[in-house]
Amino acid sequence: MNSQITTLQSEPPRSPDRKGRQVSTKGLYQRAVKQAFLKLDPRVQLRNPVMFLVWIGTIVTALVTVNPNLFGNATDKNPMVFNGLITLILLFTLLFANFAEAVAEGRGKAQADSLRATKSDSIARKLSPNGSIQEVSSTALRKGDLIKVIAGDVIPADGEVTEGLASVDESAITGESAPVLKQPGTDIASSVTGGTRILSDELVIRVTADPGKGFIDRMIALVEGAERSKTPNEIALTVLLAVLTQVFLIVIATLLPIAQYAQSPVSVAVLIALLVALIPTTIGGLLSAIGIAGMDRVAQFNVIATSGRAVEACGDISTLILDKTGTITLGNRLAEEFIPVNGHSLKELAQVALNASIFDETPEGKSIVILAEKLGASLTIDRSVAIGLEFSARTRMSGTDLPNNIEVRKGAVDAVKGFVRSRSGKIPDELDTQYESVSRLGGTPLAVCQNNDIYGVIYLKDIIKPGIKERFDQLRRMGIRTVMLTGDNRITASVIAAEAGVDDFVAEATPEDKIEVIRAEQAKGKLVAMTGDGTNDAPALAQANVGVAMNSGTQAAKEAANMVDLDSDPTKLIDIVTIGKQLLITRGALTTFSIANDIAKYFAIIPAIFAGAGIGQLNVMGLASMQSAVLSALIYNALIIPALIPLALKGVKFRPLTANQLLSRNILVYGLGGVVAPFIAIKIIDIAVTAVGLA
Amino acid sequence: MLQGWIQIALILVTVIILTPLLGKYIARVFLHKTTLLDPIFGPIDRAIMRTIGIYEPEGMSGWQYIQAVLVSNIVMGIAVFLILFLQPILPFNPSQVGGLSWDLVLHTTISFLTNTDQQHYSGETTLSYSSQVFALGFLMFTSAATGLAVGIAFIRGLTGRSLGNFYQDLMQSITRILLPISFMGTLVLIAAGIPETWLGAAQVTTLEGATQAIARGPVAHFEMIKQLGENGGGFFGINSAHPFENSNGLTNFIETVAMVVIPASLIYTYGLFMGNLRQAWLVYGIVLVFFIPLVIMTAWGESQGNGQVNTLLGSMAPNLEGKEIRFGWSASSLWAIVTTATMCGAVNAMHDSLMPIGGFSTLLNLFLQIVWGGQGTGTAYLFIFLILAVFLTGLMVGRTPEFLGRKIEKAEVILASVILLIHPIAVLIPTAVTLLLPEDLRGISNPGFHGLSQIVYEYTSAAANNGSGFEGLGDGTLWWNLSASVSMLLGRYVPIVALILLADGMKLKQIVPMTDGTLRTDTGLFTGVTGVVILILGVLTFLPVLVLGPIAEAFQLSSGL
Amino acid sequence: MQETLSRFWQKRLPRALLLSLLMAVTIAPAVQAATGISLDRGQTFAIVLLGMTTLALSIYLFVVIFQPERF
C-alpha cells in the first residue's frame, strides 16, 4: 500500500511496527457488496449528479423492458431482451460505482475500528474542586475537568498533565513500543492522548477536549467518510462533471426529434445508453472513492489530518519550513575532534573534556567521553567527590566541580569565555580562529576550560540524515523550496544548509522567527508547510497553510496544527506533500481518461445507430451490429469502473518531476491511453458479445 | 487551379503580417498610451464623455461593467427599434419603402444589437436609408465596440488590472479603431466602384427598352464597418455577393482581410497585456491549426465540384452553384470559412449551395466559436478554453490548477462552464422544438439531411452571433423571428456577463509565483492539449447533429442516391 | 443542507410528483395534436412524462452546477 509513497524515501523503510496499523480487511469485500446494493437508495445517489442520471436512466430502461412500446412502437430487434440487457448493464454500472465507494469507506472503517479499539468507554476518576474523587464514565468528561489516572488505566481523554510523573504506553496510536515519560510543565512531555495506557505511577490530567472532539475521534470521523465534506478542488471538479453531464443530457434529449426528422429514429433505450456512455461515469463513480482513499492513505502513514482540505492543500505547498535538528540532521551531534589551544597538548585537552563530561548523560556528552577515551584519557577521579553541573539555557555550559576547587567547564564559546574572564583568565586569540574554522566546517564548537585556563575546542559534528539531500533535490524538481531554521550561528548554518542541499536557511532563529518567515513567504503568494512541537510554535503552526504538529508536542501545538504526526517524525512532512499531490493527480488523471473515452464511445455508437442514414462507413471499428455496438460500449463503460478501483484507491504513482514532465507523462498515459484503450476494448467486447449471441 | 490557391495564401499572409502591427496599436489604445490619433479624437472623446457626465473615467467593478453594457445596449436597442418601426414616417426614404412587422423589427434590432446581423429581410426593398444608416449602421459600430470593450475588460481582469470603464472603452473602440480603419477602407471601396449616395434607386432603360430600378445607396461605408466590425448585415439582400457591395477582386480582398484582421490582432494584443507574446503566438497557432485545414477542405471540396454533376458533364468542374463567377471557387470558399470563423456572417456566395464538406466546415466554425471568433468575445472564448484545459489537465501535475499565476477554482469553473453550456442550449433546444412543430411552420425548403442542416445552421448562426444564413430557409416568419432572437440574446449576453464576472474574480486573486511545480501554459504540449480539449468539448457536443446533417449528406452524395 | 434535503423527501417530493403527473395529463393531448407522429394516448403521455423528467434532471444539474456544496 505504501509503495507509492516510499518511492520518495531513500531512507531504509521504517520498521514494520511503526509503519502504521495493519488493519484487517477480512470481510471487507462482502460488506462492500452489500453496501453497493444499499447505496442504490435515491437519496444517496442524489449526491452524485453523474450517477443519479444513470440511476434515472436505469429506471426508464427497466420500464421499456417491461413495455417496449411505451414511448412509441419499438423497431429494435428483440426489444425486450435488448432493453433488458441495457438495464442490467446500467444497474451494474451503478453497483460498481457504489462498490468502489463502499470499499474505500470499508477500508477507512477498518482503520477507524482499529483506532476506536483504543477508545472503549472507560471509567474515569474525576477530581472535584474539593479534592474528592468521583467515578464517572469517560464520555461524561468535559473540557477543563481534572482527572486522576493510575498505573494500568487507559487515559480516558486528551489532556495535559498537571501533576505527577509516569510512563505511558502510546503504542496504541503511534506503534512505538517504548514507553514515554510524562510530567507537568515540560512542553513536550506534558500532553497525553486519550486511549493510551499509563504503565507506572499516577498522573493528574486536565482534560483538553470534550469526548468525541479529541484527535482520535476526528480521525475516526474522517477515515470513515462520515464527516467528509468535499474539498475545494473536488467541488470545482463536481461542477465540471455536472456541466458535461448537462451538455450531454441536452444533446441526447434533442437527438430524439432530430433523429426522427432525419428518418433515423432511435429508441429511448438506445438514447439512454448513449447518454450513459457519454457522461463521465468513470470519474463520477470513482470521485468519492479517490477522496476517501486519500484520507485513508494519510491515516496509514500515521498522520491525523483535521480535514481533507488540509491534505489537498499539501499538494499546493511551495515552501517547506524545516527545523534543522531532527529533520535535516539527526537529533544528536557527536564529538568529532578535539582542537587544543593555549599550548596544551591533545591529551591534556582530552582529559579535561572527559572530566567535564562525566556527568553529562546527553548523547553529545557521551560521545565526548568516548572520543576522549579513544585518545587515551581515562577517568582518574572518584565520581562521588565530584559535582556535576547540568546544562542550562542561562549558563549555556555544563561541567564538573572537582575537589580542590578545580572547576572544569565545556559549553558555548562565548559562555566559556565569560567564565574564564570572571576568573581573570586570558583568552587566547587562537580560540577565535579555531571557533571559526569549526563553524566553517558546519560543526558546533564547544570551548573547554579548567578554572581560568582555556584548553581547547571540541568539534561537535552535526550528522545530516542519510538520503535527505536526494529528497531535497526531488522537492526542488517538483518546484518546492526548502527553508531550514536553526539556532546555530550563520556560518555553521550555511555549511549545513549547503551540505543538506536546502534552498535557504535562517540562522540564529528563535521560534518567533518562524512566523515571520512564514508570513514573508505567504506574502509572495506561496503556500507554506511546517512542523512544530512546542507551545511557542503554535502561532506559526496556525499561520502556516499546512502545520504538522508532533504527537510528542504540546496540546497547544496540536490544537493549532491541521495535522498531527503520531510518530513525531518531522521528515514525514515531505511524504504528506506527496500524498496531497498524488490525490490531485489521481483525480485529474481519471477525469482526463474518462473524457478521452468519449471519442471511442461516439465512434462505436453513432455510426451504429444512424446506419440507416447511410453513414455505415464511419463504423471504423467494424462492430457487428447496432445492438452489439451499443451493448459493447455500455459494457466497457461499466467494466472500466471496477478496473480502475485499484488505481483510485492506491493513487496514481507519484514521481518527483517538474510540472511539465508530469503533464507530458500523464497526458500520454491517461489522455492518449484514454483515447486508444476503449477502441481496443470495445472491439474485443463486441467480438465476445457477438460470439455469445447476445446481439 | 493554382491561381485560386495563391489567392487564398495571399490573403492569409496579409492577415498574419498585419497581426502584430494592429495588435500593438490596439494594445496602445487600451493601455491608454498615446497614439497618433489623440490630437484629433482626444478632444472629441472628452467632449462626448462630459456630455454623458463622465469627467474622469474610473475603473468599474464587475457588476458595474455589466450594468453599463446592459443599460447602454438596452437604450440603443430601444432607439433602433423605434427608428425601424417608424420607418415610413421618417426621412431619407427615397424609394418609399413601407413599414415592417413588429416581430421583424424586433428580430432585426436584436440581430444588429448583438453583432449577429442575421437578416430575415432584403435590405434594398425593405429598409429606408435612415433605417440602414442611422439604425443599423449605428449599431454596427456600437455592437462591434461592445464586443471589443468586453474582450479588453476580460484580459485586463485576467492580468490583474482594473476592468476599465465601459463607456470609455466603447468610445475608444470606435474613435481609435473602428472609425479610422473603416474610413480608410471606405475611401478605397469608393475608388473601386462601390456606391455611396443618398439618391434613391436609379431608373434605367434596358437594351430591350424596359424600365429597371437599380437599388443603390450609401453602401461603401456601410460595407466597410459591416466587414470590420464582424457584423455581416448586408445593405442588399444577397450581401457581399452583390456587385454594389463587393464589385471585384480588390474589394473582395479588402473585405476578406477586414473580417479577420481585428480578431487575429486581438490575440497579439492579449499577448502584450499578459507580457507573454509566446503564449499569444501559440494560441494563434491553435486557431491556424483549425482554420487552415477548414479552408483547404472547403476549397478542395468546391474545386472538385459535385461528383454527380461531373459524371453528367463527363469532366471535372468546380461547384459554382450559388457563387459569383468573378470570385470563383477559391475566393468564395475562403470567404465562407472566414465569415463563419470570425462571426462576421457576411456572404459572397450562398452557403446553402456549398458542397457538404463546406457545409460541415462552416457549421464547425459556428459550433467552436473560437476559430478567430467574434469581435472581442472570440479571443476571450479562446482563453476560456485555455482555462478549462488548465483545469482538466492541471490537476494531473498535482496542484490546484493555475492560469497566468491565478488559481482556477470553483467560481472560474462555473463561469467558464456557463459559456460552454449556453451554446448547446441556444442551438439544440430550439432546433428540437422546431422539428416538433407542424411542417408548415418549419420553413424547410429542402427536406432530409440538408433541411436539418438549414435549421441547425440558422440557430447556430444566431447563438454564435454570426448572422450568416444557410439560406433556402423560409425564415421571415413569426416563429423564426422570435426563436432566433432568443438564441441571439442568450448567445450574446449570457457569455458577456460570465466573462466579466470571471475577469472580475481573477483580478483580485493573489498571484502564485511560478516554480518548477507550476504547469506552464506557453508550451507546445499544453497548446496541443488545449486544441484537443476544444475539439472534445466543442465538437463532441455537436457531433450527432453534424453526422445527421452534412456528413450524412456527403455520404448520400458520394453514393449517388 | 441535510435538513432541507430530508424535508424535500418528506413533503415536497410527493407534491411535485403529483403536480407533474397532472401537468403531463394536460399537456399530452396538445403534444399529440402538434406532432405529426402517430402515437396512441398512453405513448404520448409517457413521452411527455419522459420530457418532464428530462427537464427536472436538467434543473437538478443546474442546481449542482451553481451550488455544488449542497451535494
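The values are calculated or read from the model by the stated rules, or taken from the named source; none is laboratory data. Just so we're clear, the structure is a prediction, and the values are computed from it rather than from any experiment. Glycine also receives a Cβ, built like all others from the backbone with ideal geometry; neighbour counts cover every protein chain displayed. The accessibility values were calculated without ligands, DNA or RNA, using every heavy atom of the protein model including side chains. Shrake-Rupley method; radii C 1.70, N 1.55, O 1.52, S 1.80 Å.
Go through region A:310-417 and name the GluC sites (Glu not before Pro) that are in a DSSP coil and have 12 or fewer other Cβ atoms within 10 Å of their Cβ. Let's see the in-between values first.
Working: sites: A:Glu312, A:Glu336, A:Glu337, A:Glu348, A:Glu361, A:Glu364, A:Glu373, A:Glu390, A:Glu407; in loops: A:Glu361, A:Glu390.
Of the GluC sites (Glu not before Pro), the ones in loops of region A:310-417 whose Cβ has at most 12 other Cβ atoms within 10 Å are A:Glu361, A:Glu390.
Stretched out straight at 0.36 nm per residue, the stretch from B:Gln304 to B:Thr197 would grow longer than its current Cα-Cα span by 34.4 nm.
Taking only DSSP H segments of four or more residues, each worth -39500 (n - 2.57), what value at 222 nm results for chain A once the sum is divided by all its residues, to the nearest 500 deg cm²/dmol?
On the way: 24 runs with 341 residues, N = 695.
Value at 222 nm, helices only, nearest 500: -16000 deg cm²/dmol.
Residues of region A:340-384 with an amide N closer than 20 Å to a point placed 7 Å from the Cα of A:Asn404 along the Cα-to-Cβ direction: A:344-359, A:377-384. In a shell of Cβ-Cβ distance under 14 Å around B:Ser182, excluding B:Ser182 itself, what net charge do Lys and Arg (+1) and Asp and Glu (-1) give? The answer is -2.
Could you sort out which of A:Lys465/A:Lys526; A:Lys465/A:Lys572; A:Lys374/A:Lys465; A:Lys374/A:Lys461; A:Lys34/A:Lys601; A:Lys182/A:Lys572 sit more than 19 Å apart by Cα distance in this structure? Present the calculation step by step, with values, prior to reporting the outcome.
Working: A:Lys465/A:Lys526 27 Å; A:Lys465/A:Lys572 13 Å; A:Lys374/A:Lys465 25 Å; A:Lys374/A:Lys461 17 Å; A:Lys34/A:Lys601 31 Å; A:Lys182/A:Lys572 24 Å.
Exceeds cut-off: A:Lys465/A:Lys526; A:Lys374/A:Lys465; A:Lys34/A:Lys601; A:Lys182/A:Lys572.
Taking the Cα centre of each part, how many Å lie between region A:363-383 and region A:420-437? A separation of 23 Å, based on Cα centres. The modelled label-to-label distance for the pair A:Leu639/B:Ile16, using points 7 Å beyond Cα in the direction of Cβ, is 4.7 nm.
The shape of chain B comes out oblate: with a ≥ b ≥ c from the C-alpha gyration tensor, a/c is at least 1.5 while a/b does not beat b/c. For the protein assembly as shown, the fraction of 1.4 Å probe accessible surface lying on carbon and sulfur atoms is 62 percent. Between A:Ile150 and B:Leu31, the simple label model (points 7 Å from Cα in the Cβ direction) yields a spacing of 8.1 nm. Could you tell me which of rounded, prolate or oblate describes chain A, using a ≥ b ≥ c as the square roots of the eigenvalues of the alpha-carbon gyration tensor, with rounded for a/c under 1.5 and, failing that, prolate when a/b is larger than b/c and oblate otherwise? Because a/c hits 1.5 or more and a/b exceeds b/c, chain A counts as prolate.
Report the FRET efficiency, 1/(1 + (r/R0)^6), for A:Glu512 and A:Arg31, where r is their Cβ-Cβ distance and R0 is 51 Å, rounded to 0.05. Please list the in-between numbers first.
On the way: r = 51 Å, r/R0 = 1.00.
Computed FRET efficiency for A:Glu512 and A:Arg31: 0.50.
Straight-line reach from A:Lys39: taking Cα to Cα under 13 Å and skipping same-chain neighbours fewer than 8 places apart, the aspartates and glutamates in range are A:Glu101, A:Glu105. Measuring nothing but how far apart in sequence close Cα pairs (under 8 Å, 6+ apart) lie, relative to its length, chain A scores a relative contact order of 15 percent. Specify the inter-centroid distance of region B:341-369 and region A:73-105, based on alpha-carbon positions, in whole Å. What the calculation gives is 41 Å, centre to centre. Taking a point 7 Å from the Cα of A:Asp210 along the Cα-to-Cβ direction, the residues of region A:139-158 with backbone N closer than 20 Å to it are A:139-147, A:156-158. Pairing the Cα long axis of helix A:363-374 with the longest principal axis of chain A, what angle in degrees results, from 0 to 90 and rounded to the nearest 10? The helix A:363-374 is inclined about 60 degrees to chain A. Comparing Cα centroids, region B:77-153 and region B:477-538 end up 29 angstrom apart. Test of the criteria: in region B:152-218, which chymotrypsin sites (Phe, Trp or Tyr not before Pro) are in a DSSP loop and have at most 15 other Cβ atoms within 10 angstrom of their Cβ? Filter output for region B:152-218: B:Trp198. Calculate the translational D of the protein assembly as shown in whole µm² s⁻¹ from Stokes-Einstein, where the hydrodynamic radius comes from the Kirkwood formula applied to all Cα pairs, the temperature is 37 °C and the viscosity 0.692 mPa s. For these conditions, the coefficient is 92 µm²/s. The count of lysine pairs in chain B whose Cα atoms are under 29 Å apart, excluding pairs fewer than 8 places apart on the same chain, comes to 13.
Against chain A, whose longest principal axis comes from its Cα atoms, helix A:346-357 is set at around 70 degrees. Quick one: grab the alpha carbon gyration tensor of region B:461-561, order the square roots of its eigenvalues as a ≥ b ≥ c, and give me rounded if a/c is under 1.5, else prolate or oblate depending on whether a/b is larger than b/c. Cα axes put region B:461-561 in the oblate bin.
Counting helices only, and only those DSSP H runs with n ≥ 4, report the 222 nm mean residue ellipticity of chain B as the sum of -39,500 (n - 2.57) divided by its residues, in deg cm²/dmol to the nearest 500.
Values: 22 runs with 341 residues, N = 561.
When only DSSP H runs of four or more count, the value is -20000 deg cm²/dmol.
Among the trypsin sites (Lys or Arg not before Pro) in region B:30-64, those placed in a DSSP loop whose Cβ has at most 15 other Cβ atoms within 10 Å are B:Lys33. Seen against the Cα atoms of chain A and their longest principal axis, helix A:626-650 is set at about 10 degrees.
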